[in-house]
Structures are given as C-alpha cells and as structure tokens.
1. Say each of Lys85 and Phe256 gets a label point 7 Å from the Cα, pointing the same way as Cα to Cβ; how far apart are those two points in nm?
2. Which length gain, in nm to one decimal place, applies between Lys51 and Arg403 when the Cα-Cα distance is subtracted from 0.36 nm times their residue separation?
3. Please report, in debye to the nearest 20, how large the charge dipole of region 183-286 is about its Cα centre when each Lys and Arg carries +1 at its beta carbon and each Asp and Glu carries -1 there.
4. Of the cross-linked pairs Lys132/Lys170; Lys175/Lys454; Lys170/Lys278; Lys170/Lys310, which ones have a Cα-Cα span greater than 29 Å in the structure shown?
5. So if each residue of separation counts as 0.36 nm, and I subtract the Cα-Cα distance between Glu466 and Ala181, what length gain in nm does that give?
6. How would you rank Leu360, Leu456, going from fewest to most other Cβ atoms within 10 Å of each one's own Cβ?
7. I'd like the distance between the alpha-carbon centres of region 225-255 and region 155-222, rounded to an integer number of Å.
8. What distance in nm separates the simple spin-label points at Ser166 and Ala76, each placed 7 Å from Cα in the Cβ direction?
Amino acid sequence: MADPSDFKELEKMLDKQDAKSKAKKSPSVAQLKPDLAAGMEKISLSTEEDKAARKAKLASQTFEKKPKLTKEERRAQQEAQRLAKAAGAPAKTAPKAAAAPAPPTARMQYDDPKKVAKYSKSSVIQRTQAQKQVALFSHLPQFERESSLSLNVGFSKAEIHPAILSLGLKYAEGKLVGGNARCVAMLTAFQQVIKDYHTPPDKVLRRDLDKTLRPLIQFLIDCRPHSIGMGNAIRYVRNVIATLDPSKGDDDAKTFVLDEIDQYIENRIVMAMTAVSKFACSKIVDGDVILTYARADIIEVLLKQAFDQKIQFRVLVVDSRPHFEGKKLIRALAEHGLPCTYIQINALSYVMKEVTKVFLGATAIMSNGAVVARVGTALCAMTAHEFNVPVLFCCETYKFSDRVQLDSITHNELRDPDELVNSYAADHQRLTNRPEAEASAHVLADWRDLPNLKLLNLVYDLTPMEYVSMVVTEIGMIPPTSIPAIIREYRKEYNNEDAVHLP
C-alpha cells in the first residue's frame, strides 16, 4: 500500500511543472512594465519633435499684408479695370457665376398697375375697363362692351388691314365663335394680309413681314383674347416666316408662306376633324344614348357621320345660359333626322342614369391632362364619372398645350356680364308669353346700380384628368396621360424640316 506522503510530493511536482509552462507562455506584468514605459517615452519624444518642427516652420514663413486702399484708390482701381475691359485687355476680375436659365415669360396679370400701364402702351386700341369688377378675377381683363366707333379702330395710329379689322370686330361682338372657326378665319385673314404685302426698299421680307403682323395680332387680342389653338397657329405662321430662305424672291417667298398656311388649315384642322369623327364613330353602337353639351363643330360632324352609317342611337343635348348654343346643335341634328332630346343643365343628373356615353368638345388640352372647354363641360364630365359613364373628349392635336393648368381662375376669359341679363330677359319673355316685355322688366335690369351685386360671365372651365376617360384625336384614341408624348412627337417631326417648326 502506497504512502500518502508520496502522493503529496507527486502533486507538488506537477504544480511546479504547470507554473514553469505558464511562465514560458506569457510574461508577467512586471516584465511588461519596462517595455510599456519605453514605448510611451518614444511617443512623447516624437510629438515634442513634431511640435518644435512646426513652430520653426511657421516662424520662418512671412505673410505680406495687403495694403489697405482708400476710397479714392478703390474707385481708381475699378475705373482702370473697366477701361481695360472696354479696350479688350484682360483684367483681373472675379469669375462670374454661371448664368441661370431665363424663367418662362409670365402671362399678363391685370391686377398689377405697372404691367397694365406697360400693356396699354403696346395695345392697338384702348378699351374701357369694367365698372364693377369681380375682385377674385381682377387679374383677368374685364372690359365694357363697346361699338366700333367707341373703340376708335378707324382712328388708330397703327395701320390695320381691312380683313383684320373686320375679323376683330366680329370677335368683339361675338358674331364669330367656335375654336376651329375662329382659327380658320384668322389664318385666312393672314393670307389676305400677306397677299397685299410689298417689301419696302432696303428691307428683308422675313423680318419686315413679321414686324407688320405684330400689331395686327395685337389688335385681334385686344378685341378678344385668343385661344390655345389660335396661339399655336400664330406661332406656326411666324416660325414659317422667320425660317424663309433669304435667296428666294418676294413672290416665291409669299407663295411658300401661303401654301404652308393652306396645308396647316387642311392637315391640322379640316382633315383632323374628319379623322377624329371617324375614330370616335367606331365607339358608337346600336342602342347607345349619347350625351353632349352645348355645341362643338366636331361633335356635330361625328353624330351626323354615325347616323349616316345606319347606327341606331339617340342624342341628349344639354344646354345652359347665356348663349344656348345647344339649340343650334339640336336644330342641325333634327334636320338631319337624328332622334334628339333637349334639356337644361339643371336636369343633368336626372337623365344621366340612361346615358351610355358622353362625347364632349374641347378648347384646349393641357400637358397635365386637364381639359379647357366651354363653361359647364366640367359639370357634365364629373356627373358622368359619378354614374360610371365613359367620357370621351374629341380634340385636334393643334389645340394641345405644353402648359399646366390646375383651376379655372388663374387663366380664363371673361365676357360681357350683360349677356347674362339679356338671356334672363329672353327667358322671362318666353315664360310670361309677353314678347313685348323689355329687358328692363326683370330684377337684373339695374344691376349696375346695386352696390353689392356683381355679375360674372366666365367663358371656360377646367375638367381634371381623372374625369377624362379618353381623348379622341386625329392620330387615334389616347389616354389623357399621353398628351406630353404627342407634343414631343410632333415637335420631333417638324424639327426635322428646315422651314417649318411646330409651335
């Protein structure tokens, strides 16, 4: 039997071996302290040397102070720099910052006295401001209705061509209405002006002809603000004139411009109406009940064409004050043999439940898909949307605009408020069966004498994009979101030509 003391000696020997192996593997803290102290001393020495070197370097450098100039010396220096720049010599000036792109031209705002004064100087005729203006629409032109004598058009300083003079008075009197009719009449008047134009000596045709057209265009705008489509047509004609070949003779150049205007009328207006009616007609089937508002030339052509194709459908014509344009449409459709129903706009929601499709005309379509049309169109589109009835707007592409519009207040047109009074008088005479009743027999007769009463006669309203199901154009049926793409494609097509550029 082993002695216990032997086991104790064996344990002591094993403990000594473990201690020796641990000592070999890791040094003790006492052994590490001298090495750590030596390293810290080296770091402190290097930082002290760096500080001393930087101080010596700064002490060796000398900075020359810029002499302080007096006020007279600074002026003399600036004058010398200005003279050097004028003489073409390089002058040490601070580099100029990159010029920011010019902002788009702001539209005329009639609530700014300075702008109104500036605009009145460029106007061909001076019109009388409305006596009772609506404050919310003070930024839009509001004029009193005047005769040709009070307009002083015959005594204007600018020479107004007889064709333009006659056209402007028709605009002012409201005898010529409708976007296509106004645009075609304007382009035809421009053709007459170009035919009668003769280039003065020492003048260039393309510059002098454009200068001649400017006051004529301003005269038409003074009589009545132009529409989006008319503005695009004006820019087209001016671009054609501006890009004329200088080597051409006057007769050849005038013939070229006249031909371009004819092609514009034929391709962008006349043929476009035919193509639009053809595309829209394919959406009408037997048993349809078509609703339309007021009167649009393109809608009239469309409905007559669909009836000629033996499609069985009927039409609901919605109308409103003050012009009652729907009466002319329903008269034309009835004479053509279409079954029609005539209603006022206050009965719109009552008849909408039997409508299958809504076809509306448009004055312009903006790049955000909003539609500008005769006031009351937006109400028809929104009501149809609530009844889940598709709304199709028929519009030629020359009425597209790259501008964005969100409401009917910022940009609109105001007509004579007395038109509301006259239409009320007509209704009063019809309802009372008294043809001899005068306009002064109703409550609005003396509206100008009532201090708290103002009449507002808006021409257009705006239909948001979400209420537009489809836009029918001469290139096909497209969603309202594709309007910017159509504008870009037309610009690419026309920019590839040398003489013609799309406005």
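1. The answer from the label model is 4.2 nm.
2. Between Lys51 and Arg403, full extension yields 120.1 nm more.
3. For this selection, approximately 400 debye.
4. Details: Lys132/Lys170 25 Å; Lys175/Lys454 25 Å; Lys170/Lys278 32 Å; Lys170/Lys310 38 Å.
Going by Cα-Cα distance, Lys170/Lys278; Lys170/Lys310 fall outside the 29 Å limit.
5. Using 0.36 nm per residue and subtracting the Cα-Cα distance, I get 99.7 nm.
6. In increasing order of surrounding Cβ atoms, one gets Leu456, Leu360.
7. The distance from the Cα centre of region 225-255 to that of region 155-222 comes to 12 Å.
8. In this crude spin-label approximation the distance works out to 7.5 nm.
Bear in mind these aren't lab numbers, they're just calculated from the coordinates by the rules spelled out. All of these numbers come straight from a predicted model, not from anything done at the bench. Glycine also receives a Cβ, built like all others from the backbone with ideal geometry; neighbour counts cover every protein chain displayed.
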